[in-house]
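Novice: Sharing a structure here in structure tokens format.
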Amino acid sequence: MVDAALQIAEIGQPTAGARVRGRVFAHTSLVLGAAILLAICAIAVLAPALAPHDPYAQDLTRRLIPPLWYPKGDWTHPLGTDNLGRDYLSRTLYGARISLLIGLSVMIISGVIGTAMGLVAGYFGGRVDLVITFLITTRLAMPVILFALAVVALLGGSLLVVILTLGLLKWDRFAVVMRSATQQTRSLDYVAAAEAAGASTARIVLREVLPNIAPHLIVVATVEAASAILLEAALSFLGLGVQPPLPSWGLMIAEAKAYMFFSFWLIAIPGTALALLVFAINLAGDGLRDAIAPEGRG
Amino acid sequence: MPAFILKRLGLALLVALAVSVIAFALVRLSGDVATAIAGEGARQEDVEAARRAYGLDRPLVVQYLDWLWRTLRGDFGTSLYFKTDVTGLVVDKLPTTLLLAVLSLAFALLVSIPLGVAAAVYQNSWIDRLALALAVVGQALPNFFFALLLIMLFSIQLRWLPVSGSGSWAHFVMPTIALGYYVAPAFMRLTRAGMVEVLSADYIRTARAKGLRARTVVFKHALRNAIVPVVALAAVQLGFLLGGSVVVETIFALDGLGFLAYESISHKDFPVTQAVVMLLSVFYVLLTLAADVANAWLDPRIRVA
């Protein structure tokens, strides 16, 4: 059975139709991912206008009201309320702000550090490369979540501490990818031409090399933003990240854990929001990578 | 080859040393350890007594070297919270975490390699889409949320598995799935990409032209070569799983190193935190060393680097 099927499938040689489908699929995932991401960004920006209630306002007489689709749900709280009677829809909408802020700022901090290290290591090579490779290897040997937990526990949890901790920890992938991309670009003719023309090193690195490896940078950036969002959620879930009463999705799940048996929506809603955001970023990143290198989907 | 191994071994030692400096500094920079030992609201004399008793009044470099020397001999000090020997504590919890890591890795490989192969053989077919969908969902689901979903399904709805604890095999099922699904997408994608590349290679065309059965070509000729990077990744991921066990073990109250690390961090029990960080880092360094050597043995071109 398997053999027959394999033979029909013309191993490793996708038909023209399949290839076109693959290309279209990549395009679709980029558009779909970007669309969801834009929608979430819009929600984050417009949260004050969209939220029906104050996300911090407690009302102990209206605790644990279920969402609309439950028999007891009502329109004043479309997604219900939490254990302190806070409107869950408003909290979920405001939560988008925290996740996006974390993703963006960690991506920028770690991206600047990692890209600078990768560019320098890849361009200069030799001893400089040895030192930076050693730094990367050392950083890789440190378990991120454990270090982040320890640092946040020591400095005290706050949005700023979480952003700085993750930003200073997560530059490794940027450095690894930028280093090898720079090494490849460095040996190309136009870099040699720029050197021959007497351009300064800074100019060559920033104006000749960097723009040409930017596509790789963008792909890594999407991966890292998604991973930073998940890490913040995990830290907050463990109680060592963003502190209450901020509506971080990870923190909302942690607060709802005790009630999840009877009020499942309390963990399902922020969990789904988190998964949707990360899914959208990954989808856009995958589509982007395929658009840049159509041969290498995997 | 011996020169290559020596070089890598030297690098591994240096990395371990660098991590030890960071692990030491992390705790010392955070605040006054003597106050933490003496406890909250302790009198000034008690804090000073603790400072002298633990040798915290000496220069930092001396303290570091002393700590490193004792660590090398397997003495991680005394836990501030559990009031017992840290080495004994860590050795107690290590098997649980190792077991969980190995089980999760096995689970991830068993799911992802067949899926990756099938996805590559039938490119852009429904099974390729399914594999991609599973990978995308696996990468998007926060693993603590996935763990809670598993608890809802298997413990609350079906009542098949215990919610938390580490007494029996049943306690390992959900943590294994939660942690395994977390790393499976990477293996699946790598297997698929490797297979796609290898399947279009000339020697595969030759094998097929010789009239070999498709099964032989896929599994014997192609998979063997496509699997090499997966093996390297597996070694690295095992180290990653040891670190990633913090979240999963904490949710399921599985009594391993990850849970211990979480407890020690929340109780500011720095000797334990240092011990777990050092142990996991050294594990990672050893695993990457092993992967490097294995790769160099499989592929002589790497030895030059």
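The values are calculated or read from the model by the stated rules, or taken from the named source; none is laboratory data. Since the structure is predicted, the reported quantities are computational estimates derived from the model, not experimental observations. Heads up, the Cβs are rebuilt from the backbone with ideal geometry, glycines too, and the neighbour counts pull from every protein chain shown.
Novice: Within segment B:188-211, is even one residue under 21 Å from A:L274 (Cβ atoms) and either of a type in the set (D, E) or buried (at least 16 other Cβ atoms within 10 Å of the Cβ) (or both)? So that I can check it myself, show each step before the final result.
Specialist: Going residue by residue through segment B:188-211, those that are under 21 Å from A:L274 (Cβ atoms) are none.
Taking every residue of segment B:188-211 in turn, none turns out to be under 21 Å from A:L274 (Cβ atoms) and either of a type in the set (D, E) or buried (at least 16 other Cβ atoms within 10 Å of the Cβ) (or both).
To keep it simple, each residue is scored yes or no on (1) out of contact with any Pro (no Cβ under 9 Å at 6 or more places or on another chain); (2) part of a helix (DSSP H, G or I).
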{"site": "A:F174", "(1), (2)": "yes, yes"}
{"site": "A:R179", "(1), (2)": "yes, yes"}
{"site": "A:A193", "(1), (2)": "yes, yes"}
{"site": "A:I204", "(1), (2)": "yes, yes"}
{"site": "A:N212", "(1), (2)": "yes, yes"}
{"site": "A:V220", "(1), (2)": "yes, yes"}
{"site": "A:Q243", "(1), (2)": "yes, no"}
{"site": "A:P247", "(1), (2)": "no, no"}
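Novice: Something else: Residues in segment A:192-201: is at least one surrounded by 15 or more Cβ atoms within 10 Å (Cβ to Cβ), among the polar types (S, T, N, Q) and either in contact (Cβ under 8 Å) with a residue 40 or more places away in the chain or under 27 Å from B:V247 (Cα atoms) (or both)?
Specialist: In the first step, residues of segment A:192-201 are kept if they are surrounded by 15 or more Cβ atoms within 10 Å (Cβ to Cβ); the result is A:194, A:199.
Next, from what is left, pick out any that are among the polar types (S, T, N, Q): none.
No, segment A:192-201 contains no residue that is surrounded by 15 or more Cβ atoms within 10 Å (Cβ to Cβ), among the polar types (S, T, N, Q) and either in contact (Cβ under 8 Å) with a residue 40 or more places away in the chain or under 27 Å from B:V247 (Cα atoms) (or both).
Novice: From the list B:S264, B:S200, pick out the single residue that is facing chain A (nearest Cβ under 8 Å) and either over 21 Å from A:S227 (Cβ atoms) or touching a Pro at 6+ places or on another chain (Cβ under 9 Å) (or both).
Specialist: Details: B:S264 fails: facing chain A (nearest Cβ under 8 Å).
Only one candidate qualifies: B:S200.
Novice: Let me ask something else about it. With (1) crowded, with 22+ Cβ neighbours inside 10 Å; (2) away from chain B (no Cβ under 14 Å); (3) in a helix (DSSP H, G or I) as the list, and A:L101 as the residue in question, which single condition is left unmet?
Specialist: All conditions pass for A:L101, except number (1).
Novice: Suppose the filter is within 14 Å of chain A (Cβ to nearest Cβ), under 26 Å from B:S281 (Cα atoms) and either modelled with pLDDT of 80 or more or surrounded by fewer than 17 Cβ atoms within 10 Å (Cβ to Cβ) (or both); does B:V62 pass it? Before you say what the answer is, go through the steps one by one.
Specialist: Values: within 14 Å of chain A (Cβ to nearest Cβ): no; under 26 Å from B:S281 (Cα atoms): yes; either modelled with pLDDT of 80 or more or surrounded by fewer than 17 Cβ atoms within 10 Å (Cβ to Cβ) (or both): yes.
Spelling it out, it is not the case that B:V62 is within 14 Å of chain A (Cβ to nearest Cβ), under 26 Å from B:S281 (Cα atoms) and either modelled with pLDDT of 80 or more or surrounded by fewer than 17 Cβ atoms within 10 Å (Cβ to Cβ) (or both).
Novice: Is it the case that some residue within segment B:241-253 is over 19 Å from B:L287 (Cα atoms) and surrounded by fewer than 17 Cβ atoms within 10 Å (Cβ to Cβ)?
Specialist: Among the residues of segment B:241-253, at least one is over 19 Å from B:L287 (Cα atoms) and surrounded by fewer than 17 Cβ atoms within 10 Å (Cβ to Cβ), which makes the answer yes.
Novice: For B:A184, state whether it is assigned to a helix (DSSP H, G or I), touching a residue at least 60 places away in the same chain (Cβ under 8 Å) and under 28 Å from B:P95 (Cα atoms).
Specialist: On the way: assigned to a helix (DSSP H, G or I): yes; touching a residue at least 60 places away in the same chain (Cβ under 8 Å): yes; under 28 Å from B:P95 (Cα atoms): yes.
Yes, satisfied.
Novice: Based on what the data block shows, is B:P300 of a type outside the set (G, A, S) and modelled with pLDDT under 80?
Specialist: Details: of a type outside the set (G, A, S): yes; modelled with pLDDT under 80: yes.
Spelling it out, B:P300 is indeed of a type outside the set (G, A, S) and modelled with pLDDT under 80.
Novice: Could you please tell me which pairs satisfy a Cβ distance under 8 Å, a separation of 6+ or placement on different chains, a first residue in segment B:136-161 that is more than 7 Å from chain A (Cβ to nearest Cβ) and farther than 12 Å from A:M260 by Cβ, and a second residue that is in a loop (DSSP other than H, G, I, E, B) and of a type in the set (A, V, I, L, M)?
Specialist: Every condition considered, the pairs that remain are B:F154/B:L161.
Novice: Can you tell me which of (1) at negative phi; (2) within 14 Å of another protein chain (Cβ to nearest Cβ) is the one A:G156 doesn't meet?
Specialist: Among (1) at negative phi; (2) within 14 Å of another protein chain (Cβ to nearest Cβ), A:G156 violates only (1).
Residue by residue, here is whether (1) assigned to a helix (DSSP H, G or I); (2) within 12 Å of the chain's Cα centre (by Cα); (3) more than 10 Å from chain A (Cβ to nearest Cβ); (4) surrounded by fewer than 24 Cβ atoms within 10 Å (Cβ to Cβ) holds:
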residue: B:I227; (1), (2), (3), (4): yes, no, yes, yes
residue: B:V231; (1), (2), (3), (4): yes, no, yes, yes
residue: B:D255; (1), (2), (3), (4): no, no, yes, yes
residue: B:V277; (1), (2), (3), (4): yes, yes, no, no
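Novice: Just to be sure I understand the filter: pairs with C-beta atoms under 7 Å, separated by 6 or more residues or on different chains, first member in segment A:154-175 and over 11 Å from A:E224 (Cα atoms), second member part of a helix (DSSP H, G or I) and among the charged types (D, E, K, R). Which pairs pass?
Specialist: The qualifying pairs are A:V162/A:E232.
So that you can scan it fast, the table gives a plain yes or no per residue for (1) within 11 Å of another protein chain (Cβ to nearest Cβ); (2) hydrophobic (A, V, I, L, M, F, W, C):
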position: B:A184; (1), (2): no, yes
position: B:L190; (1), (2): yes, yes
position: B:A214; (1), (2): yes, yes
position: B:H221; (1), (2): yes, no
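Novice: Cβ contacts < 6 Å: first residue more than 7 Å from chain B (Cβ to nearest Cβ), restricted to segment A:264-292; second residue of a type in the set (D, E, K, R), any location; separation 6+ or different chain. Result?
Specialist: Listed pairs, sorted by first residue: A:D290/A:R297.
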